1. Given springs between every Cα pair under 10 Å in a Gaussian network model of chain B, which of B:Gly150, B:Gly30, B:Gly159 has the largest fluctuation?
2. Would you mind telling me the antiparallel percentage of the DSSP bridges in the stretch A:159-290, rounded to 5?
3. Counting residues in the stretch B:216-302 as N, plug N into 2.2 N^0.38 Å and put the Cα Rg over that result.
4. If I build a Gaussian network model for chain A, linking alpha-carbon pairs within less than 10 angstrom, which residue out of A:Thr35, A:Thr64, A:Thr227 has the largest mean-square fluctuation?
5. As a test, work out the antiparallel percent of DSSP beta bridges whose residues both lie in the protein assembly as shown, rounded to the nearest 5.
6. I'd like to know how the stretch A:4-50 sits against the 2.2 N^0.38 Å rule of thumb: what's its Cα Rg over that expected value?
7. Given 25 °C and 0.890 mPa s, compute D for the protein assembly as shown with the Stokes-Einstein relation, Rh being the Kirkwood radius over Cα pairs; round to the nearest whole µm²/s.
8. Sort A:199-207, B:164-172, A:281-289, A:14-22 by packing, meaning the average of other beta carbons within 10 Å per residue, with the highest value first.
Number of protein chains: 2
Amino acid sequence: MPTLADVASRSGVSKGAVSSVLRNAPGQDGVSAETRQRILHVVRELGYRPHPLAASLRTRRTRTIGLVVGEPESFLRHPNQALMMGRLLKQASEMGYRVTLMDDAWQDSPDPRLLDGCAVLTWVPSAGIAQVERLAAEIPVVSLYSRIRGAVQVVMDEGTMLRRGMREGAAWLYGLGHRRIALVDVNHPKGPDTLRKDAFAEVAREQGILPELLCYADRWQERLYPTAAEIAQLDPPPTAAVALDDDYARALIAHLARRGLRVPEDVSVFSGNTQQDSFQTPPALTGLARDLTAQWGELMRRFIGLLGNDPAEEIVVPPAEFTLVVRESCAPPRAR
Amino acid sequence: MPTLADVASRSGVSKGAVSSVLRNAPGQDGVSAETRQRILHVVRELGYRPHPLAASLRTRRTRTIGLVVGEPESFLRHPNQALMMGRLLKQASEMGYRVTLMDDAWQDSPDPRLLDGCAVLTWVPSAGIAQVERLAAEIPVVSLYSRIRGAVQVVMDEGTMLRRGMREGAAWLYGLGHRRIALVDVNHPKGPDTLRKDAFAEVAREQGILPELLCYADRWQERLYPTAAEIAQLDPPPTAAVALDDDYARALIAHLARRGLRVPEDVSVFSGNTQQDSFQTPPALTGLARDLTAQWGELMRRFIGLLGNDPAEEIVVPPAEFTLVVRESCAPPRAR
DNA sequence: TTGAAAGCGCTACCAG
DNA sequence: CTGGTAGCGCTTTCAA
């Protein structure tokens with residue numbers, strides 16, 4: 001593989017000249033246009049590419065960012081997380097950054113000299129916090145969930161969007177005539193969220209209607225939805241149910257089917273977070289959709305933008321907006 | 001961050017001595033036991049860690065392996081692939097290797113100087129083949145699916161296992177009394193597979209029974225299963241259906257439910273590749289299960305083992321065995 | 001047994 | 001505007 005020296009000698013200039021031509025704009029290199037062309041020609045001729053390790057050793061920049069995924073198998077088991085990772089990778093790669101994955105089995109803490117920055121995508125178990133903090137002391141680290149000293153916190157205010165979306169969903173379900181609605185919120189480690197419930201209650205108050213709201217909360221991360229079984233057993237059944245996401249909605253629909261209830265004829269099912277592109281299980285789900293590509297792409301963009309400069313306290317990413325997508329799984333309640 | 005020179009001066013020896021102590025076994029370094037102890041003490045005291053970039057520049061080994069995932073979002077969308085990646089990562093990490101992800105948007109081909117080896121996890125589009133071949137000329141590359149010149153091919157003979165598993169499934173379904181069975185094979189780009197069908201036909205011949213086998217083939221990779229809808233519309237319905245995997249089985253069950261058919265009361269559904277740990281949608285699926293952790297771990301282990309030595313032609317990985325897991329989704333056919 | 005020194009390939013500075 | 005040069009931190013060889 002050709003080196004800088006090869007290019008230099010072959011084009012009759014010094015190594016410095018070649019290096020400068022390669023990393024500065026046409027005007028900014030201290031080299032005559034003519035020399036520049038000659039050098040560039042030789043570079044192409046030889047198929048020269050700067051040795052990234054050598055460059056990094058010198059510049060202390062690796063153009064590599066680390067993604068902390070904790071226990072990789074459980075992280076990747078959830079499709080939303082796998083997709084998030086894919087999007088972050090794509091964006092980074094587009095911007096010329098490499099991505100390395102880091103699980104939580106680090107013998108020592110990861111070496112900051114290998115990374116320009118690092119994004120922590122999971123809750124970090126308390127045992128690992130110190131490791132990440134040590135890393136954050138050396139390079140920019142961004143954390144999505146865990147609060148880590150020295151790390152940049154991601155602020156997304158998804159709540160506002162979710163609330164807005166849920167209000168839209170509520171208005172729509174109420175509009176169809178539903179008055180007995182089961183709904184599921186996310187049960188976080190620190191306690192259940194009540195955003196969805198609140199939005200439904202709020203809209204009801206505003207419209208002066210008195211729906212019966214049957215509230216549940218489930219852990220999203222683990223993809224085990226015990227409450228779906230409970231909702232399916234309600235007697236009388238709700239006329240509509242608001243599921244956490246498509247996974248939940250499908251589980252619920254299956255539970256309802258076992259009891260002989262059909263969707264949407266007997267019960268309407270609304271997915272609180274639906275994806276256009278997920279695989280086809282009938283009925284097609286009505287619910288709130290959003291395009292997360294932009295959101296995660298933006299996060300990565302901001303993070304990389306931040307790498308050269310002095311670290312910020314937080315990165316504010318505009319959260320993706322939910323839109324109501326009407327497909328098949330909701331209908332007016334059956335007159336009983 | 002302390003350097004080798006710091007350690008050397010502080011322990012009153014040369015850099016060479018320190019380096020040797022750090023990378024050779026207690027007897028093998030050319031250093032007295034006493035000096036060794038002193039050096040090691042200073043290393044710990046200073047928290048010294050060799051600079052990986054500097055070491056790599058010298059040794060030409062990076063302890064990093066690349067994973068080619070093609071278009072990351074579509075690759076990671078399929079849970080089996082995401083899980084495979086997680087397992088490979090875990091194994092690599094356990095063996096002290098870092099993993100970097102490579103999508104197909106490489107401006108140039110990936111730089112072989114950054115990688116000790118590379119595993120290609122996807123079908124490589126023809127446009128990318130040349131890039132990968134160039135890489136394979138420099139470092140060991142292993143390819144799971146695409147045949148790539150210069151790359152090590154993975155040989156897994158999953159067919160034998162699948163056939164064996166399917167025979168077991170066939171015997172069991174026949175034993176329950178099913179004689180009208182829909183079954184789905186995988187439709188590869190190069191044409192449909194007939195393994196599942198063949199196994200069922202074979203067992204029927206051996207047992208001297210004459211089942212009605214309704215055969216379909218679908219693309220597995222894309223998670224869009226048009227044949228599930230077709231099977232659900234069969235009239236009369238099959239008494240049992242063998243699905244590709246859990247995804248397919250759930251889609252099929254949903255289609256059947258829309259038609260008013262219940263599983264397993266009206267139709268038995270058998271998952272050709274079920275996971276114990278996937279999320280809970282009733283009915284729990286009966287089918288063939290296997291633990292892929294060992295298989296993918298073994299692949300990574302062999303590949304890494306191969307890195308130092310001269311490249312092999314192929315890596316033979318013992319495929320995981322299928323076992324029949326009986327849960328709820330199959331029952332004897334209803335007397336009509 | 002130990003130490004000195006020559007690179008790995010590149011960047012960046014500093015004289016000319 | 002150009003070319004020489006001093007490292008980045010490590011490994012490895014060779015001489016003492």
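The values are calculated or read from the model by the stated rules, or taken from the named source; none is laboratory data. What you see is a predicted model; the values in this text were computed from it and never measured. With ideal geometry, Cβ positions are generated from the backbone for all residues, glycine too; neighbour counts draw on all protein chains shown. Just the protein is used for accessible areas: all its heavy atoms, side chains included, with ligands, DNA and RNA removed. Shrake-Rupley method; radii C 1.70, N 1.55, O 1.52, S 1.80 Å.
1. B:Gly30
2. Beta bridges within the stretch A:159-290, antiparallel portion: roughly 10 percent.
3. 1.21
4. A:Thr35
5. Just about 15 percent of them are antiparallel.
6. That works out to 0.97 for the stretch A:4-50.
7. 87 µm²/s
8. Packing order, densest peptide first, comes out as A:281-289, B:164-172, A:14-22, A:199-207.
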